[in-house]
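What follows is a short report on a single structure.
None of the figures in this text is laboratory data; all of them are computed from the coordinates on show. Predicted, not measured: the structure shown is a model, and the values here were computed from it. Note that we place each Cβ from the backbone using ideal geometry, even for glycine, and neighbour counts take in every protein chain shown.
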Amino acid sequence: MMTKEENEMLTRVGPGTPAGELLRRYWHPVAVARELSEENPTKSVRVLGEDLVLFKDKRGKVGLLADRCAHRGASLLYGRVEERGIACAYHGWLYDTEGSCLECPAEPAGSKFYLTVKHRAYPVQRFLGFYWAYMGPLPAPEIPRFDIWLRKDGRRGIAIYPILDCNWLQSMENSVDPAHLQILHLDTTRPFKAPNTTRGFIDEIASYEFREVPFGIMKRRVFKSGFVDEHPLIFPNNLRQSNSTQFRVPIDDTHTWHVHILFEPTEDGSVVEQSEEEITVEYIENFKNPPHALYPLAGYTMHQPLAQDCMAWESAGPIWDRTQERLGTSDRGIVMFREMLKRESAKVQSGLDPIGVYRGDHPMIDTKLGEALESGQYGDRPVKRIWSLRDEDRRDIIGPPPRKEPARDVA
C-alpha cells in the first residue's frame, strides 16, 4: 500500500513534478513522422501535460514549440510555415525551430524587440517512423541503441493504439506483473479452454524472478515445462516483449499514448535496407464502445489481449488510488518498479542522470531479443510470430503446446 503523497509523486507528470521531471530526462516518440507533410506541416502534440505544436518549415527542418504564441496566446497550430520557421497567424511573430523569435512585424522599423523573445522549444529527432522529443535540460542525451531498434536483419513497423484514458503508471505496472498473463488472457492466448476460469493457466508457472539491469528490470518467468521467458521493462515507460517495444507516453495525468515498434526478422538472417518511408504504420481500432467514454459508461470488446489489458488499466479509474490496494507476493516486480521510480526521481532532483540515460556513443544494448527470436515461442507455446508486419501472419492466438505420445509397453 502506498501513501497518498507517494501516489501523487509517481503519477503526476506536469512540469516541476517528480515523475514529470524524471520522464523529461528521456526521449519519447510524440508523433508519427508521416503525419507531418508539405500539405499538413503542423500537428498538435500534447505530452507530459504540455500543449505543443510540431511543424516542418519549408527547408525541411522540424521543430517542437509551445503551442501558444508568446505575444498574445494564439495557437501556433494555425501558423504559416515559412522558409525560416513558423509565423503566428495572429500578428506574424516568426519563430525558428529552436524557439528564437526572428521577426515581430508590427513593431517599429529598426526595432530589436524580437531579440528579447525566446519561445519554449524542444529538440526533435526522426527515428523508426516517429518524431521523438526530449523535454529535459540540455545537453540532450542520445536515443538508446537497443538491439530491437538497430538490428539490420529484419523490417520494422509501428502500431498506434487507442489513447488510454488513464494514468501512465497503470499501464507500466502491468509490465512487471507477469502473473496476469495466465489469468486475464486465458481465453485469448490459447485455442483451448482453461481447466478453471479462476486459476486460468497459472499452475503452469514454477516461479517468477525480477532483477535490475542498467536499463530497467529483467523479468524471468520459469514454466514447469522447463521453458524460460525473459524480457525487460525498459525504464521508465517502455516494455520489450517478444519482437516489439511498447511505449506508454504520458499525454497528461489521465491520458496515455500507447504505441508499438515492431521488428520482424528475415527468415534467413539477411540484412534489409529499410528507409524511414518504408516503415509500415497501422492504426488499431478502439477497444471501447462508445470509443471515448470512460468506464463504466464504456464497454470493452475483450477480443484480444490488449483490449483486456485496456479494461484492467482503465477500469481502475483515471488515476488508481494505490492507498486502497492490497499487494501480494506475485506483485514484487511492481514494488521494485515503484522503488526504482522513487530512487531515480531523487537522483534527478539532485542534478544527476537517472538510469538508462546515455551520453555519447555506446554499444548496442542487449535486451535478450536474440533469445526471444531464436526460441520461436512465447510463454511455453510455439508460435510462427507473435506480431507480424504481414496481415496473413498476424495472430493473437498462441498455438497449442507440444503433445507427448503416451508411453508404450515394449514387447
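Listed values, structure above:
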read-out	value
Residue order, fewest to most beta carbons within 10 Å, for 310, 101	101, 310
Distance between region 173-222 and region 97-172 - C-alpha centres, whole angstrom	35 Å
Simple label model, 7 Å out from Cα along Cβ direction - residue 98 to residue 312, nm	4.7 nm
Choice from 102, 352, 341 showing the highest fluctuation, given a GNM over the chain with Cα pairs closer than 10 Å	352
Neighbourhood net charge (14 Å Cβ-Cβ; Lys/Arg +1, Asp/Glu -1) for residue 153	-2
Order of 122, 295 - criterion: other Cβ atoms within 10 Å of each residue's Cβ, fewest first	295, 122
Contact order relative to length of region 33-134, as percent, for alpha carbon pairs under 8 angstrom and 6 or more apart	21 percent
30 Å Cα-Cα threshold exceeded, pairs from 58/112; 193/342; 288/342	193/342; 288/342
In sequence order, calculated HN-Hα J values of region 133-150 (Karplus, 6.51, -1.76, 1.60; Hz; x Gly/Pro)	10, 10, 10, x, x, 8, x, 6, x, 8, 5, x, 9, 6, 4, 5, 8, 10
Isolated Cys residues of the chain, judged by Cβ distance under 4.7 Å to other cysteines	101, 104, 166, 310
Qualifying GluC sites (Glu not before Pro) for region 38-143 [loop in DSSP, other Cβ within 10 Å: at most 13]	38, 39, 83
Rounded FRET efficiency, nearest 0.05, which uses the C-beta distance separating residue 196 from residue 339 and R0 of 41 Å	0.75
Cβ-placed point charges (K, R +1; D, E -1), dipole of region 33-134 about Cα centre in debye, nearest 20	120 debye
Gained length - residue 280 relative to residue 106, 0.36 nm times residue gap less alpha-carbon distance	58.1 nm
Choice from 140, 298, 31 showing the highest fluctuation, given a GNM over the chain with Cα pairs closer than 10 Å	298
Integer Hz, Karplus 6.51/-1.76/1.60 couplings in order for region 207-223, x for Gly and Pro	6, 10, 9, 9, 9, 7, 10, x, 10, x, 10, 9, 9, 10, 10, 9, 8
Using a Förster distance of 51 Å, the FRET efficiency for residue 39-residue 6 (Cβ separation, nearest 0.05)	0.60
Relative contact order (%) - criterion: Cα under 8 Å, at least six apart; region: the chain	20 percent
Hydrodynamic radius by Kirkwood, which averages 1/r over all alpha carbon pairs of the chain, in angstrom	23.2 Å
Choice from 202, 234, 319 with maximal GNM fluctuation in the chain (Cα, 10 Å cutoff)	202
Modelled label reach - residue 72, point 7 Å along Cα→Cβ, region 93-111 residues with backbone N closer than 18 Å	93-95, 103-108
Per-residue Cβ neighbour rank within 10 angstrom, fewest leading, 223, 127	127, 223
Label point distance in nm, residue 155-residue 324, each placed 7 Å from Cα along Cα→Cβ	4.7 nm
Label-reachable residues, region 48-81, where backbone N falls under 17 Å from a point 7 Å from residue 114's Cα toward its Cβ	57-59, 69-72, 79-81
Debye-sum result for region 1-59 in log10 I(q)/I(0), which assumes one identical scatterer on each alpha carbon, at q = 0.16, 0.17, 0.19, 0.22 Å⁻¹	-0.63, -0.68, -0.76, -0.88
Normalised alpha carbon radius of gyration of region 216-351 [divisor 2.2 N^0.38 Å]	1.29
Inter-label distance for residue 58 and residue 331, nm, one decimal - labels placed 7 Å from Cα along Cα-to-Cβ	5.8 nm
